Amino acid sequence: MEEKLLTIEGLNAFYGKSHVLQNISLEANKGEKIVVLGRNGMGKSTLLKAIMGLKEVTRKGSILFRNEEMIERRTDEIARAGIAYVPQGWLLFSSLSVDEHLRIAYRPAKSDHEWTPERIYSTFPEIAQRKDTGGTKLSGGEQQILAISRALVGNPGLILMDEPSEGISTMVIERIIGICQDLASQGVSILVAEQNLDLAQRIADKVYILVNGQIIYCSGITEFIHDKENQKKHLGV
Ligand SMILES: Nc1ncnc2c1ncn2[C@@H]1O[C@H](COP(=O)(O)OP(=O)(O)O)[C@@H](O)[C@H]1O
Ligand SMILES: [Mg+2]
């Protein structure tokens, strides 16, 4: 049976007086992969920041996660509830090594699928070899893998990823697609904001399209792949 994990209803988000997200509704089940598509400036990053409760965004509406209301909670409380965030541009620290990034973010979990720093190293040998290197000294692809790993060691139920395909090679994009599929099969849900249609089509179970801060389209992936008209109209592809 499908188990509802995230239910967003009537979400509005603002930067000061600027009203960016308008009346967003979105749902994710356990282990589901959702992709939010939209051109530049349509509100994808704002949506992830609003879910995460980042200070720069003021939000109104309802964000239920595991049946608990997140809208009044702080970012650290939302992270502890089980939502992790992989920001656009990764936001790693030059003063922390790869290993320190993982140790600081590690939150033990009572689960057969627990992510520890050790499990990260055996899963992602590319960063295991660079344990003592400063986070920002890694290549773009390695930084993306570290940013995802930092999210994973928090043992979240939901991972928000902001444009994971940006600034990395097609080889690393393939890696990210594989990681998302593995995570979903272990029951972790993924919400990806993207402009890359190919990646979206290969990752998503369900697609939402954002235009000027509003969800104007939602469908299952099979229907979306055949819907060339909406792809062209809203994404310009
Ligand atoms: N910190 C901010 N302050 C004010 N306006 C912002 C800020 N960040 C983004 N915006 C505006 O919000 C809108 C949505 O931006 P964003 O969520 O970054 O879009 P996307 O991620 O889809 O490219 C844009 O009009 C952008 O200019
Ligand atoms: Mg963005």
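The values are calculated or read from the model by the stated rules, or taken from the named source; none is laboratory data. Here the structure is a predicted model, which is why all the values come from computation and not from measurement. Surface areas here come from the heavy atoms of the whole protein model, side chains and all, with no ligands, DNA or RNA. Shrake-Rupley method; radii C 1.70, N 1.55, O 1.52, S 1.80 Å.
I'd like to check one number: the per residue accessible area of the chain, probe 1.4 Å, reported in Å² as a whole number. Per-residue value: 47 Å². Over 27 Å apart at the Cα level, from the set Lys33/Lys232; Lys4/Lys49; Lys44/Lys228; Lys30/Lys228, are Lys30/Lys228. Taking a ≥ b ≥ c as the square roots of the eigenvalues of the Cα gyration tensor, the stretch 21-70 is oblate, since a/c reaches 1.5 or more and a/b is not larger than b/c.
Calculated mean residue ellipticity, 222 nm, the chain: -10000 deg cm²/dmol, from DSSP H runs (n ≥ 4) at -39500 (n - 2.57) each, averaged per residue and rounded to 500.
To make sure I understand the rule: partners must be aspartates and glutamates, Cα under 18 Å from the Cα of Lys55, and not fewer than 8 residues away in the same chain. Which ones qualify? Within the straight-line limit of under 18 Å, Lys55 reaches these aspartates and glutamates: Glu69, Glu72, Asp76, Glu77, Asp162.
As a length-normalised measure over Cα pairs under 8 Å and 6 or more apart, the relative contact order of the stretch 181-232 settles at 22 percent. Here Lys131 is the anchor, and the lysines within straight C-alpha reach of less than 26 Å, apart from those fewer than 8 places off in the same chain, are Lys110.
By the combined test of axial Cα extent (at least 15 Å) and Kyte-Doolittle hydropathy (mean at least 0.0), the qualifying DSSP H helices of the chain come to 140-152, 170-185.
Split the accessible area of the stretch 4-235 by element, probe 1.4 Å, and carbon with sulfur accounts for 48%.
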